[in-house]
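The values are calculated or read from the model by the stated rules, or taken from the named source; none is laboratory data. Predicted, not measured: the structure shown is a model, and the values here were computed from it. Backbone-built Cβ (ideal geometry, glycine too); neighbour counts: all protein chains shown. To get the accessible areas, we keep the full protein, side chains included, count just its heavy atoms, and leave off ligands, DNA and RNA. Shrake-Rupley method; radii C 1.70, N 1.55, O 1.52, S 1.80 Å.
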Amino acid sequence: LSSLEDNLPLKGKTALVTAGPTYESIDPVRFIGNHSSGKMGYALAIRLKELGAKVTLISGPTALPAPTGIKTINIQSAQQMLEASSSEFVTADIIVMSAAVADYTPVDVAHQKIKKKEEEFSIQLKKTTDILAFLGQHKRPQQTLVGFALETNNELEHAKDKLERKNLDFIVLNSLVDKGAGFGTDTNKVTIVSKTGEIEEFNLKSKVEVANDICELILQHQNKAYS
Ligand code: CTP
Ligand code: CA
């Protein structure tokens, strides 16, 4: 291998990354959303591209600029993210689902702005499709599928359960370190659990550095899948 090829170990590979929140419409002016900034997913997409992969980024609404050289598909709802992900999944070697997808969406979307009337008001919600679990069901042996988990209790146990249930190769567990990690920050503290049982705990670091760590494991996994 030439040194240039050494630096592009994912040349010829295709990667799919989801990032950011989803917005679930209530009426023409309101939605249910969450505080995901998209920073983790964008950093992953950029790193995968630096490693030589052809990257598609499926992004919910964020304040981040579209990364250059990356095909970016902007979506709003969980349903739209499901549709875009399913079609891009077919040709992807590496799939990283870092989006904070809404678990529930309104049963009905009002066509007009809802007026305030009653003292108490509720909106009926239904479950969205679990995109990651859906892709896990259709995963081919040489695809690398990575999911995320955010937990507040029995972290590792819940993360391992998601890894199994969704048929993942890796799950990245985000730990809630008071204020220094997660939503709205530039840092994350993660533990990565692999399908084969390895558990790697990382220090608090920048999301860019976390992206590098995750991509290192993806590289190793891709190399094994093709050896
Ligand atoms: N995820 C997804 N589609 C959904 C919900 C979640 O693809 N409708 C993905 C997320 O992108 C993440 C992983 O599933 O990679 C775990 O998300 P998380 O919210 O931690 O887990 P859930 O399975 O939704 O369970 P819960 O929120 O009840 O902990
Ligand atoms: Ca969830």
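Overview of results
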quantity: Residue check for Leu219: out of contact with any His (no Cβ under 9 Å at 6 or more places or on another chain), open to solvent by 40 Å² or more (accessible area, probe 1.4 Å) and not aromatic (Phe, Trp, Tyr); calculated: no
quantity: Selected residue (only one of Leu168, Leu163, Leu135 is surrounded by 14 or more Cβ atoms within 10 Å (Cβ to Cβ) and part of a loop (DSSP other than H, G, I, E, B)); calculated: Leu168
quantity: Residues satisfying the stated conditions in segment 171-206, i.e. under 25 Å from Gln222 (Cα atoms) and either in a helix (DSSP H, G or I) or among the hydroxyl-bearing types (Ser, Thr, Tyr) (or both); calculated: Thr191, Ser194, Thr196, Ser206
quantity: Test set (1) in a loop (DSSP other than H, G, I, E, B); (2) crowded, with 20+ Cβ neighbours inside 10 Å - Ala15 fails condition number; calculated: (1)
quantity: Qualifying residue in segment 10-21 (condition: among the β-branched types (Val, Ile, Thr) and under 14 Å from the mean Cα position of the chain (by Cα)); calculated: yes
quantity: Residue that is nearest to ligand 2 (Cβ to nearest atom) [pool: residues in segment 95-109 that are over 27 Å from Val210 (Cα atoms) and touching a strand residue (DSSP E or B) at 6+ places or on another chain (Cβ under 6 Å)]; calculated: Tyr104
quantity: Conditions (1) away from ligand 2 (no atom under 16 Å from the Cβ); (2) under 20 Å from His35 (Cα atoms); number of the one not met by Ala92; calculated: (2)
quantity: Enumeration of residues in segment 22-52 that are on the phi > 0 side of the Ramachandran plot and buried (at least 20 other Cβ atoms within 10 Å of the Cβ); calculated: Gly38
quantity: Residue satisfying all of: in segment 171-204; among the basic types (Lys, Arg) and at pLDDT below 95; least open to solvent (accessible area, probe 1.4 Å) among these; calculated: Lys189
quantity: Candidate set from segment 53-105 (those that are assigned to a loop (DSSP other than H, G, I, E, B), open to solvent by 40 Å² or more (accessible area, probe 1.4 Å) and hydroxyl-bearing (Ser, Thr, Tyr)); member that is nearest to ligand 1 (Cβ to nearest atom); calculated: Thr62
